[in-house]
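Notes follow the structure.
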Amino acid sequence: MTLPLFLALHLLYGTLVARVMFPRMRAEGEVLGPPLLIMLVPVAFVSAPIGTIFMRYSGGWFLHGLLLGGEGSVAYERFHFGLLLAVIAGVAACTVGSIINVAVWASRDRPKLANAGLWLAGAIALPTIAFDFKDIITVVGTNGRHLWAHPVGLLSVAAVVVLFGWIAVIKARFAEPPPQTGPGTSVPLSPLSGPWT
């Protein structure tokens with residue numbers, strides 16, 4: 001998938017995973033702790049690296065011809081590292097921004113605003129597909145090879161599968177709030193525990 005679709009995917013992922021994790025975030029009263037780290041695992045280890053591979057090896061296709069050289073790759077070689085960092089920053093901003101958006105508005109019982117990431121993802125993806133579909137399915141610089149006959153197609157599927165698979169893992173293992181300890185619970189005390197510790 002090209003850059004607009006890749007960013008839209010992360011807006012969608014961030015919104016959906018935050019909705020799954022919201023009961024835990026509300027119970028623990030935190031967003032920027034373990035819940036956020038759990039939600040960012042597949043982004044940090046799978047999808048962001050895939051985005052940098054797209055940028056580095058299929059830059060002309062990934063950027064819809066922007067900064068395109070004669071060989072179908074990004075012409076400005078010296079700026080590649082900065083462009084890779086920009087892709088990572090964009091992916092992180094879309095994911096974290098949509099997670100925080102859900103946490104802010106869902107905690108105020110405003111579900112329509114909490115779903116803003118879904119609407120924004122659609123507003124990015126649909127015009128891109130409608131107006132530039134040919135350049136999405138044809139990988140620039142490969143003599144007309146299509147997406148399904150090029151490694152970028154497989155990597156695109158891998159990114160989608162990993163992100164949505166992780167949502168299922170979170171729903172099964174991490175979404176429930178941890179058990180609370182209170183006055184009626186039995187907690188083992190240290191032999192040195194006392195009013196001064």
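Give the number of residues within the range 124-144 that are assigned to a helix (DSSP H, G or I) and either in contact (Cβ under 8 Å) with a residue 12 or more places away in the chain or under 17 Å from the mean Cα position of the chain (by Cα) (or both).
So the answer is 7.
Can you spot a residue in the range 66-85 that is at pLDDT 90 or above, over 23 Å from Leu147 (Cβ atoms) and surrounded by fewer than 20 Cβ atoms within 10 Å (Cβ to Cβ)?
Yes, the range 66-85 contains a residue that is at pLDDT 90 or above, over 23 Å from Leu147 (Cβ atoms) and surrounded by fewer than 20 Cβ atoms within 10 Å (Cβ to Cβ).
Go over the candidates Thr2, Thr15 one by one and state the one that is closer than 30 Å to Arg108 by Cα, crowded, with 18+ Cβ neighbours inside 10 Å and polar (S, T, N, Q).
Answer to the selection: Thr15.
Name the one entry in Ala114, Ala93, Ala103 that is under 20 Å from the mean Cα position of the chain (by Cα) and at pLDDT 95 or above.
Ala93
Considering only the range 91-117, state which residues are in contact with a helix residue (DSSP H, G or I) (Cβ under 6 Å, 6 or more places away or on another chain) and surrounded by fewer than 17 Cβ atoms within 10 Å (Cβ to Cβ).
Within the range 91-117, Trp105, Leu113 meet the criteria.
Go through (1) closer than 30 Å to Arg24 by Cα; (2) out of contact with any helix residue (DSSP H, G or I) (no Cβ under 6 Å at 6 or more places or on another chain); (3) aromatic (Phe, Trp, Tyr) for Phe133 and report which single condition fails.
Result: Phe133 passes all but (1).
The values are calculated or read from the model by the stated rules, or taken from the named source; none is laboratory data. Keep in mind the model is a prediction, meaning the values are calculated, not measured. With ideal geometry, Cβ positions are generated from the backbone for all residues, glycine too; neighbour counts draw on all protein chains shown.
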